[in-house]
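Below: one structure, written as C-alpha cells.
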Amino acid sequence: MRLISKKKSKRFEWKIEAGAEYAITQPVFDIEQLHVFLKRIEHCRIPIVAGIWPLVSFRNAEFLHNEVPGVRVTPEIMERMRAASAVSKEAGRDEGLKIARESLLEVRDVIQGVQVSAPFGNVKYALEVFEVLEGFGEAKETIATSK
C-alpha cells in the first residue's frame, strides 16, 4: 500500500502554512489508504475533499493504478472491473458506477466533501454516482423542473 511519506506530509503542511484552505485527494479506490492519510494529517485541520472516479473499464482501472501517482486501485476492485469488463462494455461501466457509489458511501463520514470526476467529459455519468444518496433524486427533479 502506498502511504503518504513524511516528506510529502511536510509538503502538505507547508501548503497549509502558505494558505491552502482545503485539499482534494486523488481518486480514492482504497479506503484504508484514505484513513491512513487522514490520520497522518489530522493535526492540519483543513477540510478534505475526496476524489471519486467512476471507472469505465478494467483498462481504465489499470491505467489509473499504474500511471497516476498516488492512486491505488485495490486488487478486489481490479478483479471486479476485470470480470465485468469481460462481459461487456456496459457491464464494466455499471460495475465502475457501483464501485464509485460504494466509495462515496464509505468516505462521506470522514471527509468534508467529494469531487466526482466525469470520465471522458460524461457529466451525466458522474451525476449518477450521487443517486445513492438519500434525497438526491428529489433534488435532481427540483433542479430540472425549475429551469
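The values are calculated or read from the model by the stated rules, or taken from the named source; none is laboratory data. Just so we're clear, the structure is a prediction, and the values are computed from it rather than from any experiment. FYI the Cβ positions are ideal-geometry reconstructions off the backbone, even for glycines, and counts take in every protein chain you see.
Numerical summary
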quantity	calculated
First in the stretch 16-33 and among the aliphatic types (A, V, I, L, M), second anywhere and exposed (fewer than 13 other Cβ atoms within 10 Å of the Cβ) and not in a helix (DSSP H, G or I), Cβ under 8 Å, 6 or more apart	Ala23/Pro47
Ser88, sole failed condition from (1) surrounded by 14 or more Cβ atoms within 10 Å (Cβ to Cβ); (2) polar (S, T, N, Q); (3) closer than 24 Å to Asn122 by Cβ	(1)
Hey, Phe120 closer than 22 Å to Pro47 by Cβ and at pLDDT 60 or above or not	no
In the stretch 23-54, the residues that are of a type in the set (Val, Ile, Thr) and part of a strand (DSSP E or B)	Ile24, Thr25, Ile48, Val49, Ile52
Some residue of the stretch 74-86 being in contact (Cβ under 8 Å) with a residue 60 or more places away in the chain and part of a loop (DSSP other than H, G, I, E, B)	no
Conditions (1) surrounded by fewer than 15 Cβ atoms within 10 Å (Cβ to Cβ); (2) within 11 Å of the chain's Cα centre (by Cα); (3) of a type outside the set (Asp, Glu); (4) at pLDDT 95 or above: number failed by Ala100	(1)
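Every residue, every condition in (1) out of contact with any helix residue (DSSP H, G or I) (no Cβ under 6 Å at 6 or more places or on another chain); (2) of a type in the set (A, V, I, L, M, F, W, C); (3) closer than 26 Å to Glu131 by Cα; (4) at pLDDT 95 or above, yes or no:
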residue	(1), (2), (3), (4)
Trp14	yes, yes, no, no
Arg40	no, no, no, no
Leu55	no, yes, yes, yes
Arg59	yes, no, yes, yes
Val73	no, yes, yes, yes
Ala83	yes, yes, yes, yes
